[in-house]
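Below is one structure, written out as structure tokens; comments come after it.
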Amino acid sequence: GENVEQHPSTLSVQEGDSAVIKCTYSDSASNYFPWYKQELGKRPQLIIDIRSNVGEKKDQRIAVTLNKTAKHFSLHITETQPEDSAVYFCAASLPGFQKLVFGTGTRLLVSP
Amino acid sequence: NAGVMQNPRHLVRRRGQEARLRCSPMKGHSHVYWYRQLPEEGLKFMVYLQKENIIDESGMPKERFSAEFPKEGPSILRIQQVVRGDSAAYFCASSPRLRDPAGELFFGEGSRLTVL
């Protein structure tokens, strides 16, 4: 089955800096890669996703890049703000499978 | 349109008791997923159900855990004879239909189980 690894486990940045979180996946057939944000004690919520036929996707201050050859994808947050502080999870899914396999999460702390 | 509803939000059980966690998917959603989140860890897939069918239970422990999604009513995750290691947050998610590639999962607020 699919396996997803995520780095770093914690990331501290100053407000206004950029943050990058990286994930690798094991099964080259995976075709869907979402990113979820989970604030303390809250539900995970989708912030951006990318399909395997696309190399990059942007939505305001966040972007995701996908390298299918290397089997890794990254989340980029620019101009970070304190409200970006949360745990971020990457995930992957295989064609024909509805379930998502999640990475272990990155705790992002943005200091004012 | 109400989101995914889970109850109870918090549940305390003593070792050996049973825990029942309920999940009502979003209106119009017929696919339900259960994930477990241990403290300071990620989301681990447990089971994927459609109405009256278990589609994928590859993440469910073989003993003490069971799940159902009846024709009427919420999905239920049942843990029998709970042990301290079962203490975790259990998240339910739903999606509207089969999609390829898979799309967004809509999560509930979670049920936090504490086993004393």
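The values are calculated or read from the model by the stated rules, or taken from the named source; none is laboratory data. Remember, it's a predicted structure, so these values are computed and weren't measured experimentally. When we count neighbours, we look across all protein chains shown, and the Cβ atoms used for this are built from the backbone with ideal geometry, even at glycine. Each accessible area value is taken on the protein alone, full model and side chains, heavy atoms only, with ligands, DNA and RNA left out. Shrake-Rupley method; radii C 1.70, N 1.55, O 1.52, S 1.80 Å.
Across the range B:69-116, what is the number of residues that are more than 14 Å from chain A (Cβ to nearest Cβ) and among the acidic types (Asp, Glu)?
2
Those residues that are of a type outside the set (S, T, N, Q), open to solvent by 80 Å² or more (accessible area, probe 1.4 Å) and within 11 Å of chain B (Cβ to nearest Cβ), I need them from the range A:36-49; list them, please.
Across the range A:36-49, the qualifying residue is only A:42.
I'd like the residue in the range B:37-55 that is more than 11 Å from chain A (Cβ to nearest Cβ) and not β-branched (Val, Ile, Thr) and, out of all such residues, is nearest to residue A:104 (Cα to Cα).
B:39
For residue A:94, only one of the following conditions fails: (1) open to solvent by 50 Å² or more (accessible area, probe 1.4 Å); (2) at pLDDT below 95. What is its number?
Result: residue A:94 fails condition (1) only.
Take the residues in the range B:70-94 that are crowded, with 20+ Cβ neighbours inside 10 Å and among the polar types (S, T, N, Q); name whichever of them is nearest to residue B:7 (Cα to Cα).
Looking at residues that are crowded, with 20+ Cβ neighbours inside 10 Å and among the polar types (S, T, N, Q), I get B:75.
Please count how many residues of the range B:20-43 are within 14 Å of residue B:90 (Cβ to Cβ) and part of a strand (DSSP E or B).
Qualifying residue count for the region: 11.
Could you list, in sequence order, the residues of the range B:1-21 that are within 30 Å of residue A:10 (Cβ to Cβ), open to solvent by 60 Å² or more (accessible area, probe 1.4 Å) and in contact with a Gly (Cβ under 8 Å, 6 or more places away or on another chain)?
Answer for the range B:1-21, where residues must be within 30 Å of residue A:10 (Cβ to Cβ), open to solvent by 60 Å² or more (accessible area, probe 1.4 Å) and in contact with a Gly (Cβ under 8 Å, 6 or more places away or on another chain): just B:9.
Got at least one residue in the range A:50-62 being more than 11 Å from chain B (Cβ to nearest Cβ), open to solvent by less than 60 Å² (accessible area, probe 1.4 Å) and assigned to a strand (DSSP E or B)?
Taking every residue of the range A:50-62 in turn, at least one turns out to be more than 11 Å from chain B (Cβ to nearest Cβ), open to solvent by less than 60 Å² (accessible area, probe 1.4 Å) and assigned to a strand (DSSP E or B).
Could you check, for the range A:67-83, whether at least one of its residues is within 14 Å of another protein chain (Cβ to nearest Cβ), within 21 Å of residue A:8 (Cβ to Cβ) and either surrounded by fewer than 19 Cβ atoms within 10 Å (Cβ to Cβ) or of a type in the set (Ser, Thr, Tyr) (or both)?
The answer is no; no qualifying residue exists.
Just for the range A:98-112: of the residues that are within 7 Å of another protein chain (Cβ to nearest Cβ) and out of contact with any Leu (no Cβ under 7 Å at 6 or more places or on another chain), which one is most open to solvent (accessible area, probe 1.4 Å)?
Among those that are within 7 Å of another protein chain (Cβ to nearest Cβ) and out of contact with any Leu (no Cβ under 7 Å at 6 or more places or on another chain), it is A:104.
Take the conditions surrounded by 13 or more Cβ atoms within 10 Å (Cβ to Cβ), in a loop (DSSP other than H, G, I, E, B) and on the phi < 0 side of the Ramachandran plot and apply them to residue B:46. Does it pass?
For residue B:46, the condition - surrounded by 13 or more Cβ atoms within 10 Å (Cβ to Cβ), in a loop (DSSP other than H, G, I, E, B) and on the phi < 0 side of the Ramachandran plot - is not met.
Just the residues that are among the small types (Gly, Ala, Ser), closer than 21 Å to residue A:56 by Cα and open to solvent by 70 Å² or more (accessible area, probe 1.4 Å), please, taken from the range A:1-35.
Passing the criteria: A:18, A:28.
Take the residues of the range A:63-112 that are part of a strand (DSSP E or B) and over 14 Å from the mean Cα position of the chain (by Cα): which is farthest from residue A:22 (Cα to Cα)?
A:111
Only one of B:58, B:66, B:24 is open to solvent by 40 Å² or more (accessible area, probe 1.4 Å), within 11 Å of chain A (Cβ to nearest Cβ) and among the hydroxyl-bearing types (Ser, Thr, Tyr). Can you tell me which?
B:58
Out of (1) free of Cβ contacts under 8 Å to residues at least 40 places away in the same chain; (2) out of contact with any Ser or Thr (no Cβ under 7 Å at 6 or more places or on another chain); (3) part of a strand (DSSP E or B), the odd one out for residue B:59 is which?
Condition not satisfied by residue B:59: (3).
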